[in-house]
Amino acid sequence: MAELCLDLFWTFFKIGLFTIGGGQAMIPMIMTDVVQKGWLSESALMDFIAISESTPGPFAVNIATYAGMETAGVGGAVCATLGVVLPSVIIIVIVAKLLSSFMKKRAVAEVFSGVRASVTGLLASVFLTLALSVLLGISDVTAATGVSADWIGIGMFALLLPLSFVKIKGKKMPPVVIVLIAAVMGTLAYGFIPA
């Protein structure tokens, strides 16, 4: 049991350490590691992704706690949760000490600009993978389409990006409006797609 808890801690520590952009950006790594190790089935993970989006608290903490609990009980939940949170705590402490001097450097600002773009592409890929899996039952996007889900997600993002520049009475459309439009579109699409 101790070995499994250590494995949970280390797996979620790596996920927390190497993922930038919040909980949703962790989904590809979580899907790979957790499903490959047999801790959760892909369908159980998809169900919990949906549940954790609608429950309070950070997504990464929710999913780590759930995976740990399902795998090794309360000890596993504690280890997985500590694993996913600890890298952020360490990085925040380091960055807080050094941030003011580093952020003034042009190279650092350019790196953060690139990171934002890559996170956006990752989120678009996650959206596409989840949408195809949930709505159409396609679990392997690359096999079904012949194109990597990452590239399809980036293409979809490029098509949807103009929404963020739409102006209402001279002001940019608020993100809440974009989310509501997406929710309505998803509801309409889900209602018309046969089970």
Residue-ordered couplings for the range 67-83, obtained by feeding phi - 60° into the Karplus form 6.51 cos²θ - 1.76 cosθ + 1.60 and rounding to whole Hz (Gly and Pro as x), are 4, x, 5, 5, 8, 9, x, 4, x, x, 5, 5, 5, 5, 5, 4, x
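Give me W10, W39 ranked fewest to most by other Cβ atoms within 10 Å of their Cβ, as a rough exposure proxy. Before the final figure, lay out each step's value.
Values: W10 13, W39 22.
Going from sparsest to densest Cβ surroundings: W10, W39.
For the range 1-102, state the average projected area of the convex hull of the C-alpha atoms over all orientations, rounded to one decimal in nm². Kindly include the intermediate steps, with their values, before the conclusion.
Working: hull surface 26.7 nm².
Across all orientations, the range 1-102 yields a mean hull projection of 6.7 nm².
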Going from the fewest other Cβ atoms within 10 Å to the most, one would list L98, L17 as L98, L17
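Fully extended, how many nm does the chain gain between I91 and A109 (0.36 nm per residue separation, minus their Cα-Cα distance)?
Values: separation 18, 0.36 × 18 = 6.48 nm, distance 1.72 nm.
Going from the current span to full extension adds 4.8 nm.
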From fewest to most C-beta neighbours within 10 Å, the residues S88, S41 line up as S41, S88
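Just so you know, all these numbers are worked out from the coordinates, no wet-lab data involved. Values in this document were obtained by computation on a predicted structure and should not be read as measured data. Counting neighbours? That spans all protein chains shown, and the Cβs are built from the backbone with ideal geometry, glycine included.
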